[in-house]
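Working notes, structure below.
The values are calculated or read from the model by the stated rules, or taken from the named source; none is laboratory data. None of these values were measured; they are calculated from a predicted model. Virtual Cβ from ideal backbone geometry, glycine too; neighbours counted across all protein chains shown. To get the accessible areas, we keep the full protein, side chains included, count just its heavy atoms, and leave off ligands, DNA and RNA. Shrake-Rupley method; radii C 1.70, N 1.55, O 1.52, S 1.80 Å.
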Amino acid sequence: MEQIIPLILIVVVFYFFMIRPQTKKQKELKKFRESLASGDKVVTTGGIHGKILEIGESTVLLSSEGTKIRLEKSAIAHTSADQIQA
């Protein structure tokens, strides 16, 4: 019994410091991507800044300096700083 208690404590600590925060972050990111709307200014994981023109089931059409790019929603990292300040 004395050998099992430290093992259980390690698992509990691992859950609260590693697994739980990661799942919370994933849920917030999923909620953010579902709330995207046309006209939002966003930044992709690759660093492309653009404005959303069209939203599909799993893709987004971005416009950036006259160029249109179709990307997966999972490539959107966050909103642009321009929109946050406005």
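What's the tally of Lys pairs in the chain whose alpha-carbon atoms lie under 13 angstrom apart, where the two lysines are 8 or more places apart or on different chains? All intermediate terms of the calculation are to be shown ahead of the outcome.
On the way: Lys30/Lys73; Lys31/Lys73; Lys41/Lys51; Lys51/Lys68.
Counting lysine pairs in the chain gives 4.
Starting from the range 1-45, pick out the GluC sites (Glu not before Pro) whose DSSP state is loop and whose Cβ has at most 16 other Cβ atoms within 10 Å. Mind showing how you got there, number by number?
Working: sites: Glu2, Glu28, Glu34; in loops: Glu2.
Answer in residue order: Glu2.
Among Ile55, Ile19, Ile76, which one shows the highest mean-square fluctuation when the chain is modelled as a Gaussian network with alpha-carbon springs under 10 Å?
Largest GNM mean-square fluctuation: Ile19.
Working out 0.36 nm times the residue gap between Met18 and Thr59, then minus their Cα-Cα distance, what length gain in nm do you get to one decimal?
Working: separation 41, 0.36 × 41 = 14.76 nm, distance 3.02 nm.
Length gained between Met18 and Thr59: 11.7 nm.
Can you give me the % of accessible surface on the chain that is carbon or sulfur? Probe 1.4 Å, all protein chains present, nothing else counted.
On the way: 4030 of 6810 Å².
Ligands and nucleic acids excluded, carbon and sulfur give 59 percent.
Karplus couplings for the range 49-64 from phi (6.51 cos²θ - 1.76 cosθ + 1.60, θ = phi - 60°), rounded to Hz, Gly and Pro as x?
9, x, 10, 6, 9, 8, 10, x, 4, 10, 10, 9, 9, 9, 10, 9
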